[in-house]
1. Name the residue that is surrounded by the fewest Cβ atoms within 10 Å (Cβ to Cβ), counting only residues in the range 58-73 that are more than 17 Å from the chain's Cα centre (by Cα) and not in a loop (DSSP other than H, G, I, E, B).
2. Filter the range 85-130 down to the residues that are in contact with an Asp or Glu (Cβ under 9 Å, 6 or more places away or on another chain), over 18 Å from residue 39 (Cα atoms), among the hydrophobic types (A, V, I, L, M, F, W, C) and not in a loop (DSSP other than H, G, I, E, B) and list them by number.
3. Which condition number in (1) surrounded by 14 or more Cβ atoms within 10 Å (Cβ to Cβ); (2) modelled with pLDDT under 95; (3) part of a loop (DSSP other than H, G, I, E, B) is the one that residue 23 fails?
Amino acid sequence: MNARKMAILFVALFTFMVVSAVPAYATDYGNNYFKTEDGKYDHTFKTTSSEKNVQVYAFEIKKVKISTGGKSDGSSSSLDVRLCSSSSGNCTSWKNLSMAAEFTDMKAGTYYADIRDKYDSYYYSGLVNVYVR
């Protein structure tokens, strides 16, 4: 099996595992396009008193060299995410997105997911998904 087929199989298997691991009562906020270094928040979602644990996933990640525009496959391990409250503006500490970032016992409210990369000469883009349970 070539590398491309292996990668597609891995993504399909990982997606199945993630979807299977999310309890039925979780709220899936769906996929949202993100781009680091654009000054914008990357996803918006709500927590409640009963759904206050948040999982953030990034996938279909591209790494783009700023000087040339050259694209290559990116890795989620090069990305960090934090959650910022829309009401207070306070943010959590940054967590690595190598598999998924989990934030537990969040206060009820509306939050923004903010994604950054670790390199000055690149930006990253892809899809981010948020589950709240």
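1. 72
2. 101, 130
3. It is condition (1) that residue 23 fails.
Every residue, every condition in (1) modelled with pLDDT of 55 or more; (2) surrounded by fewer than 18 Cβ atoms within 10 Å (Cβ to Cβ); (3) on the phi > 0 side of the Ramachandran plot, yes or no:
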{"site": "19", "(1), (2), (3)": "no, yes, no"}
{"site": "28", "(1), (2), (3)": "yes, yes, no"}
{"site": "31", "(1), (2), (3)": "yes, yes, no"}
{"site": "34", "(1), (2), (3)": "yes, no, no"}
{"site": "39", "(1), (2), (3)": "yes, yes, yes"}
{"site": "46", "(1), (2), (3)": "yes, yes, no"}
{"site": "49", "(1), (2), (3)": "yes, yes, no"}
{"site": "55", "(1), (2), (3)": "yes, no, no"}
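The values are calculated or read from the model by the stated rules, or taken from the named source; none is laboratory data. If you're wondering where the values come from, they're calculated on a predicted model, not measured in any experiment. We place every Cβ from the backbone using ideal geometry, glycine too, and count neighbours over all the protein chains shown.
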